[in-house]
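Peer 1: One structure coming up, written as structure tokens, with questions to follow.
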Amino acid sequence: MSSRAAGETQAAAAAAGDGSDDEPCLSDSGSEGAWEEDDGDLKGPALRAPCLFCDRFFSSAEDAFCHCTSDHGFDIGMVALKHRLDFYGYIKLVNFIRLEKPTVECLCSINSPFPWEEEKYLKPALEDDLLLQFDVEDLLDSTSISCPNGLTEASSCLELLKHAEQRAELAEAALARAQDDVQKMRQFAQDFVMNTEVRSGSASSIADLREDEEDVYFSSYGHYGIHEEMIKDKVRTEGYRDFIYQNPHIFRDKIVLDVGCGTGILSMFAAKAGAKKVIGVDQSEIIYQAMDIIRLNGFEDTISLIKGRIEEVDLPVEKVDVVISEWMGYFLLFESMLDSVIYARDKYLAKGGSVYPDICTINLVAIGDLSKHADRLAFWDDVYGFSMSCMKKAVIPEAVVEVLDSGTLISEACVIKRIDCHVVSVPELEFSSDFTLTVTKTSVCTAIAGFFDIYFDKNCNKQVLFSTGPGCTKTHWKQTAFFLENPISVEEGEELKGKITIHKNRKDPRSLIIILSVRNVKQMYSLQ
């Protein structure tokens with residue numbers, strides 16, 4: 001039995017809600033009465049390979065398959081090969097037979113569309129079914145299941161020849177697609193070079209592109225909706241409020257700089273905590289609303305607002321005592337606003353001054369959710385009867401920002417980057433890190449997810465922190481999932497090792513390119 005298939009099946013069972021928490025266990029009494037023998041065939045709760053067509057039990061999937069071939073005339077390997085079943089198709093076929101109990105003759109006569117393609121057949125029909133834990137690739141890659149009584153004749157030379165022909169057809173189709181992709185890339189490169197030559201130069205064209213993207217970025221923050229979402233995020237807003245109100249000594253009689261002040265909520269927290277002067281800077285149009293808000297709440301004598309980029313404006317003071325900012329984006333570094341905070345720190349922060357939040361960590365965790373993986377990728381195999389599998393090439397490299405079910409976590413979290421905002425430099429925000437995820441339960445890893453934790457620590461009498469991880473109170477940052485093209489089986493206690501590289505997209509520096517390597521399989525993702 002393949003360990004990969006065993007893990008995949010257990011994750012599929014978890015995703016389908018198969019009630020794995022109620023899994024039976026052996027009696028503590030050690031009684032031998034729980035085991036039975038009948039004519040040499042073992043039966044009992046510990047043996048979970050029932051025949052697909054009768055009530056006999058077997059100690060392994062291979063024995064059950066051999067029995068199906070010899071006694072019922074049903075060779076599941078040939079069926080999987082004939083219909084080119086992938087892992088999900090094989091799982092659905094087994095559960096379909098268990099639930100619907102078709103005859104062998106009926107199964108042999110079925111053609112596409114297959115009756116077992118419905119998603120309900122992903123849910124295991126039997127608990128701990130060893131047949132579901134068998135790797136379908138073992139059926140396709142081997143010439144036959146090793147059976148007694150000379151049953152290897154079932155895999156005849158003719159079937160082997162058909163198998164080879166089918167693989168050759170698939171290889172030819174893959175080669176044709178690859179050649180087509182290469183041609184498209186050549187044409188794209190040629191068009192790009194010609195277009196940049198028409199302009200005044202490639203450097204200026206990229207500069208123009210970046211300038212336009214900056215305008216779009218700041219324009220998006222000019223609408224009240226995005227600020228409403230952030231303010232209503234209680235984890236975020238109350239985290240800042242509690243840090244400021246519970247540590248007023250940090251702000252009392254101090255000059256505070258609020259980078260990217262938005263509606264001015266952090267500036268007002270600081271002013272209420274006793275700051276002598278607060279300077280809020282924001283490039284977006286929302287700052288005009290912030291000015292009205294400041295006046296409406298009577299802080300106009302304490303809080304001054306300046307419209308513009310922190311890198312381009314002139315502050316009315318030479319130095320500030322405290323820099324505060326809510327700069328975090330998806331996966332912490334999306335939007336690259338920490339660059340602006342670092343600039344403000346280096347130019348305006350007085351010696352001995354502080355930046356808040358001061359400590360941030362980026363974390364990874366393994367996810368096992370076959371149902372969501374199938375919904376995101378296998379969905380394209382059959383869209384209203386049409387294959388759109390080519391869409392997977394566009395879907396896989398895109399990181400997904402969503403709230404993850406804590407029940408799908410299959411490893412402990414691992415910190416891949418610790419950022420001290422008092423000393424970090426901009427180049428350090430692009431990095432590579434090896435990681436090790438300790439697997440907490442045997443399953444199938446379908447994605448690696450990222451989240452971040454925020455700490456208000458320096459000089460704090462009452463330290464405050466919050467997390468955006470799965471299982472914690474939901475935030476507007478959610479989590480960032482990197483789906484694996486091919487899920488991998490993992491076992492409890494295993495150390496899943498990998499490497500992650502994060503750098504800015506050169507065409508759009510506010511977006512990220514992430515390269516993830518797990519078990520020497522490398523995939524590239526974009527977060528934009």
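Laboratory data are not the source of any read-out in this text; all were calculated from the coordinates shown. These figures come from a predicted structure and were not determined experimentally. All Cβ positions, glycine included, derive from the backbone under ideal geometry; neighbour counts span all protein chains shown.
Peer 1: For each of 373, 67, count neighbouring Cβ atoms within 10 Å of the residue's Cβ, then give the residues from fewest to most.
Peer 2: Ascending Cβ contact count within 10 Å gives the list 67, 373.
Peer 1: So what does log10 I(q)/I(0) come out to for the range 277-354 at q = 0.15, 0.18, 0.27 Å⁻¹, using the Debye formula with one equal point on every Cα and no solvent?
Peer 2: Values returned for q = 0.15, 0.18, 0.27 Å⁻¹ are -0.58, -0.83, -1.35.
Peer 1: Average the reciprocal distances over every distinct pair of alpha-carbons in the range 357-528, invert the result, and give the Kirkwood radius in Å.
Peer 2: Final number for the Kirkwood radius of the range 357-528 is 17.2 Å.
Peer 1: With respect to the cross-link table entries 372/497; 234/441; 351/462; 123/474; 92/474; 82/497, which display a Cα-Cα separation exceeding 26 Å?
Peer 2: 234/441; 123/474; 92/474; 82/497
Peer 1: Hey, any idea what the orientation-averaged projected area of the convex hull of the range 67-120's Cα atoms comes to, in nm²?
Peer 2: That works out to 3.6 nm², a quarter of the Cα hull's surface.
Peer 1: Highest first, please rank the peptides 449-455, 363-369, 273-279 by the mean number of other Cβ atoms sitting within 10 Å of their residues.
Peer 2: Top to bottom by mean Cβ count within 10 Å: 363-369, 449-455, 273-279.
Peer 1: Further, regarding this structure: For 432, 425, 284, which order do you get if you count the other beta carbons within 10 Å of each Cβ and list the fewest first?
Peer 2: Ordered by Cβ neighbours within 10 Å, fewest first: 425, 432, 284.
Peer 1: Using only Cα atoms, what Kirkwood radius does the range 93-137 have, in angstroms?
Peer 2: About 11.5 Å for the range 93-137.
Peer 1: While we're here: How would you rank 263, 361, going from fewest to most other Cβ atoms within 10 Å of each one's own Cβ?
Peer 2: Sorted ascending by nearby Cβ count, the order is 361, 263.
Peer 1: Further, regarding this structure: Based only on the alpha carbon positions, what is the Kirkwood hydrodynamic radius of the range 214-326, in angstrom?
Peer 2: Roughly 14.1 Å, rounded to one decimal.
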